[in-house]
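Only one structure is covered here, and it is reproduced in the block below.
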Amino acid sequence: MLPIFESTLPIFLIVILGVILKRIPLVDRSVWHGLEEIGYYVLFPALLFLTLYRVDFGGLELVEVSVGTLATVFVMFAFMLCTWPLLRHLGVTNAAYTTLFQTATRWNGFTALAIADKLYGETGLALAALVMALIIIPINFGNITMLIWFVSPARDLAVLARRVMTNPLILSSVAGLLFRYFQVDIYPPIEQSVELIANAALGIGILMVGAGLRIRDTVRPPPIALLAVLLKLFFYPALLTGICWLAGLRGEQLVIVAVIGSVPTAMNGYLLARQLGGDAPLYATIATLQTALSFFSIPLVVYAARYVASG
């Protein structure tokens, strides 16, 4: 357990640094929004593109991983939809429900890539990138659809299609896979430029996770926030591990998939909630709780997954 804890510790130390830097008068507060935009539109897409372009899928169980991860996404969507009648009866608003839906199904790619890379090196990074490429489109499509359906005054399919088709994470993943599949050679200076940008992605991305947290809102979290913590940090990785195991995935790759599923929700969902009418303050509270508690839950998930994988 201690090696796992020490492997994830650098990630969370950077998160804490982000929390501190956001709250001291060292840099102008407007810088953080700019970094957030650069990370989402430039740094993270560059990392995804380059990882998928260079990745060697030869050692990965592509069928098992694909079936397991995609099936988990759709099972989780169906499960969350089934909870709506009960939650509505309990007084949960449409906006709050879309935030619960997002924070239970989204996962933080920055954290997943960093921890997978730290624990398992190139294999972990490659598998994390593959999983991201597989689920980015259905995850974003499903969550954007939920927001438009539940809180948008006009259920505009054109808006839905435009947001999905222009998502930089989707575009970069598709481009990386296409360049890899057709074996397109990139001019070396251009590839090196993309690599320099990609190298900055994980550190700045994790720093931005910390900067986006709202510590004061977690003192007395509402019950729906605690439910989101249980769903994302425990139910989701257990579901993902179980389905991937049934799909035939074993060994180290099953553990890596469990690690990917165990990370907290993505911070970009907060921007989506704010833009489309979801409960953005609740999203920030849930993201903060999940990030803080994942410091302890991720080692537990890894330990449990290793036990399952070895059996």
Run the numbers for residue 38 and residue 93: contour at 0.36 nm per residue of separation, minus the present Cα-Cα distance, in nm.
16.5 nm
Contour excess over end-to-end distance, with Cα ends at residue 57 and residue 16 and 0.36 nm allotted per residue
11.3 nm
Is there a quick way to get the dipole size of segment 1-113? I mean about its Cα centre, with the Cβ of Lys and Arg at +1 and of Asp and Glu at -1; what is the value in debye to the nearest 20?
420 debye
At a threshold of 8 angstrom on Cα-Cα distance, excluding pairs fewer than six apart, so keeping six or more, what relative contact order does the chain reach in percent?
33 percent
Keeping the other protein chains in place, figure out the carbon and sulfur percent of the accessible area of the chain, with a 1.4 Å probe.
68 percent
Ordered by number, the trypsin sites (Lys or Arg not before Pro) in segment 209-274 that occupy a DSSP loop and have at most 13 other Cβ atoms within 10 Å are none
Here the FRET efficiency for residue 178 versus residue 81, based on Cβ atoms and R0 = 35 Å and rounded to 0.05, is 0.60
Enumerate the whole-percent occupancy of each 10 Å bin, from 0 to the last occupied one, for all C-alpha pair distances of the chain.
6, 28, 37, 24, 5, 0
Give me the accessible area per residue for the chain, probe 1.4 Å, as a whole number in Å².
46 Å²
Quick one: what are the phi-derived ³J(HN,Hα) couplings along segment 77-88, Karplus 6.51/-1.76/1.60 with θ = phi - 60°, whole Hz, x for glycine and proline?
4, 5, 4, 5, 4, 5, 7, 4, x, 5, 5, 5
Would you please give the FRET efficiency between residue 164 and residue 193, computed as 1/(1 + (r/R0)^6) with r the Cβ-Cβ distance and R0 = 30 Å, to the nearest 0.05?
0.60
So, R0 is 45 Å and r is the distance between the beta-carbons of residue 24 and residue 307; what FRET efficiency does that work out to, to 0.05?
0.60
Using 13 Å as the cut-off for backbone N distance, which residues of segment 33-67 belong to the label zone defined by a point 7 Å from the Cα of residue 200 along Cα→Cβ?
34-47
Does segment 42-172 come out rounded, prolate or oblate by the C-alpha gyration tensor, with a ≥ b ≥ c the root eigenvalues, rounded set by a/c under 1.5 and, if not, prolate when a/b is larger than b/c and oblate if not?
prolate
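The values are calculated or read from the model by the stated rules, or taken from the named source; none is laboratory data. Just so you know, these numbers come straight off a predicted model, no measurement behind them. We place every Cβ from the backbone using ideal geometry, glycine too, and count neighbours over all the protein chains shown. SASA here: full protein model, heavy atoms, side chains in, ligands and nucleic acids out. Shrake-Rupley method; radii C 1.70, N 1.55, O 1.52, S 1.80 Å.
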